[in-house]
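The values are calculated or read from the model by the stated rules, or taken from the named source; none is laboratory data. Predicted model only: the values in this text are computed from it and were never measured. We place every Cβ from the backbone using ideal geometry, glycine too, and count neighbours over all the protein chains shown. Areas reflect the complete protein model, heavy atoms only, side chains present, ligands, DNA and RNA absent. Shrake-Rupley method; radii C 1.70, N 1.55, O 1.52, S 1.80 Å.
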Amino acid sequence: MVEASLPGPTRRRRALVLLGAAGALLFGGTLALSAMPVSVSAAPATDVVVPDEGVVGADFPPTVADGLVDDGMPLTISNTSAPAIARLDPDLRRALTEAQAMAADDGIRFQITSGWRSEAYQRWLMTEAIATLGSEEAAREIVAEADASSHVTGRAVDIGNLDAQEWLEEYGRGWGLCRTYANESWHFERATSPGGDCPTMKTDARG
Ligand SMILES: [Zn+2]
C-alpha cells in the first residue's frame, strides 16, 4: 500500500524512512495506525539512509550515534550499548527495565523502535515529514519540533510490538509509564508517579 500510493522511488524511499523512524500513520491513512511500526520496520535496511541529492532534508542521514534504530532490528531496554537506549533518562530506563521484568512473566518483550534521538535527527525527521506530506502543518501532527520532542530529552520510547503496547497501556502506570499521544499507540513516557493515573492523552504531536 505504501509503495502503490506514491509516485516514484524517491518519494517512496522518503516515506519508508519517515514511517520507520516516526512510527507513523501517513500512507494508507489513519486505517494503518495501530499495528504500523512492526509491519513498516520490516522494510529493507537499504531504505533507511539513501540520500537524495538536491532534495531538501536529505543532507543529514541520521546514524546510530544519533539514536537511529535499525529497521527490522528493534532494541530491548537492556541494549545499553546503543545510544538510543544509553542516553535515555535514567528514571525512564529504570522504569522500563522494571516493567520489562514483570512483562516477561507474560511472555512479552518490549521491542524498542526509537528512544533517545539527537536534535539533528529530530530536525531531519521534521524536514522529511514536511517534504513527504507537503506542509509544515501536516508534518507537525506526527513529528514534534526538536526543542519540544521528548525523544530528544531522552524521556520517551516507541514500542513496536502490539502486545507490548497493550501491556504497557494497561499496566505501565505501575511504573509511571503512560501512552501520551492519542494518535501514537507506540509512544510511552514517564508521565505520572508510580501507581498514579496517566494524564489525558494529547491529540497529536502538536498538543
Ligand atoms: Zn515516540
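In plain terms, the chain from THR192 to ASP105 could stretch by 28.9 nm, reckoned as 0.36 nm per residue minus the Cα-Cα distance.
Put simply, the amide H of THR63, placed in the peptide plane, has neighbours under 5 Å in LEU68, leaving out anything fewer than 5 places away on its chain.
Compute the distance in nm between two label points, each set 7 Å from the Cα along the Cα-to-Cβ direction, one at TYR171 and one at ASN79. Those two pseudo-labels are separated by 2.2 nm. Residue farthest toward the positive end of the dipole of the range 117-204, with Cβ of Lys/Arg at +1 and Asp/Glu at -1: which of ILE159, THR180, PRO194? Comparing the listed Cα positions along the dipole, PRO194 ranks first. Given a 1.4 Å probe and the protein chains as shown, THR80 ends up with an accessible area of around 80 Å². Within the shell defined by Cβ-Cβ distances under 14 Å, the residues around ILE77 carry a net charge of +1, with Lys and Arg each +1 and Asp and Glu each -1. Taking amide H as placed 1.01 Å from N in the peptide plane, ASN161 has its amide H under 5 Å from the amide H of GLN111, each at least 5 places away in sequence or on another chain.
Less than 14 Å Cβ to Cβ from ALA86, Lys/Arg counted +1 and Asp/Glu -1: what total charge do the surrounding residues give? Write down the numbers at each step before the final one.
Working: positive: ARG87, ARG93, ARG94, ARG117; negative: ASP66, ASP89.
Charge balance in the 14 Å sphere: +2.
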